1. Inside the stretch 313-348, can you point out the residues that are of a type in the set (A, V, I, L, M, F, W, C) and modelled with pLDDT under 75?
2. Please go through the stretch 73-91 and pick out each residue that is over 15 Å from residue 25 (Cα atoms), within 16 Å of ligand 1 (Cβ to nearest atom) and not small (Gly, Ala, Ser).
3. Could you run through the stretch 166-203 and say how many residues are closer than 15 Å to residue 150 by Cα and buried (at least 20 other Cβ atoms within 10 Å of the Cβ)?
4. Name the single residue, out of those in the stretch 26-40 being touching a helix residue (DSSP H, G or I) at 6+ places or on another chain (Cβ under 8 Å) and part of a strand (DSSP E or B), that is nearest to ligand 2 (Cβ to nearest atom).
5. So which residues in the stretch 223-243 are within 16 Å of ligand 2 (Cβ to nearest atom) and either assigned to a helix (DSSP H, G or I) or out of contact with any Leu (no Cβ under 9 Å at 6 or more places or on another chain) (or both)?
6. Looking at the stretch 40-72, which of the residues that are within 16 Å of ligand 1 (Cβ to nearest atom) and surrounded by fewer than 17 Cβ atoms within 10 Å (Cβ to Cβ) is farthest from residue 94 (Cα to Cα)?
7. Kindly provide the set of residues from the stretch 102-119 that are crowded, with 17+ Cβ neighbours inside 10 Å and touching a Ser or Thr at 6+ places or on another chain (Cβ under 6 Å), ordered by number.
Amino acid sequence: MLNVMLSLPVFLSAAVGFKLCPSACLCYESSDLVDCRLRGLLQVPPGLPHGSWLLDLSDNRLTEVHTRSFKGLWSLKILLMSNNSIHSLQPQALSSLHFLEKLDLSFNRLRWLPPDFSQSLSSLLELQLGHNLLQHLDSSSLGGLESLRKLDLSHNRIEAMDAGAFRSLSRLRLLNLDGNRLNVLKDGLLSRQQSMTVLLLNHNNISQIENEALSPLRSLTLLGLRGNQLERIRFKTFLQLQTTSTHLHMALNPWTCDCDLQRVFGKIQHVRHLHVEDYQDMVCHRPAQQAGSPLASLDSQLCVAETASVLVITITVLLAVIGTLVKAEHNRKNKQSQSDAESQRLDR
Ligand SMILES: *[C@@H]1O[C@H](CO)[C@@H](O)[C@H](O)[C@H]1NC(C)=O
Ligand SMILES: *[C@@H]1O[C@H](CO)[C@@H](O)[C@H](O)[C@H]1NC(C)=O
């Protein structure tokens, strides 16, 4: 029964379209959809029907994508190769896919992207590269992705990215870099991302956000910075987010809870378009006496010491001034009475 059901579409497509289907795959809708999932394939099978627009090669054992593996597949719009063991894309591997709109290469073993990776992918809207072993993004490999809207690079090992890595991606809406090893968010990296609405940087090693790094992101609605190494932030850096409404996720960082930090968050909370969503979950790491306390629970306490010392200084200065004045007045009076006595003596 199962066999009949599985072979029915093959039979139908053969009957209707007279198009070939690789024996390992199932072809539907007169070969528009080609399903080669879970077949233990070691290579992209030859003889894929040229008219197909969806090809699913997920859950196989592909290790490489050879040059021109997809030759002649001009109509392909969706190519799924998730959960294989792909470690290399040979030159020109994707070069015939001019109309491809979605490419899924997640859950593979890619350590790097070849320089010509995106050369023919100018129609691509969505690229999934999550759960690979990528370490570095250079400025050429994503250079052809001028239509791209969604880019998932989460759960790789990315430590560094060339300043121009995202330069061509001016239509990008969503960038997911969760679960990498980034240390610094640099000025200029996102300078062309005016359309970006979601930027996910959770669970990296970010300890520094450079002053102008966020300023180009005029459409940002969500910025994820949970689980990084942030100890302090500057108010100015976030004030640069000239958006209508941006939600910030900032818990799970080793915050140094001092008056400075409290003031920064106090100010951020007064900026109407900025919303720290998880302020209640932000826990102090330093100084030792505050470690483990939620920042929210220390509200206004941290600046008390500072306010007190300002008060003490003010009072001391005031007292000194008053003292001087009193002394001066006293001296003046003394002199006055001396000279009065003098003139009385002379008068007599
Ligand atoms: C990945 O593919 C293997 C077969 O190669 C399959 O057994 C496994 O269930 C797949 N994993 C996921 C998460 O889909
Ligand atoms: C994380 O960043 C710190 C500097 O803040 C650096 O010393 C450390 O090596 C980084 N760790 C990784 C895994 O990159």
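The values are calculated or read from the model by the stated rules, or taken from the named source; none is laboratory data. This structure is a prediction, so every number in the text was calculated from the model and none was measured. Note that each Cβ is placed from the backbone with ideal geometry, even for glycine, and that neighbours are counted across all protein chains shown.
1. Result: 313, 341, 346.
2. 83, 84, 86, 87, listed by residue number.
3. Of the residues in the stretch 166-203, 13 are closer than 15 Å to residue 150 by Cα and buried (at least 20 other Cβ atoms within 10 Å of the Cβ).
4. Checking each candidate, the answer is 26.
5. 229, 230
6. Here the answer is 40.
7. Matches in the stretch 102-119: 104, 106, 107, 113, 117.
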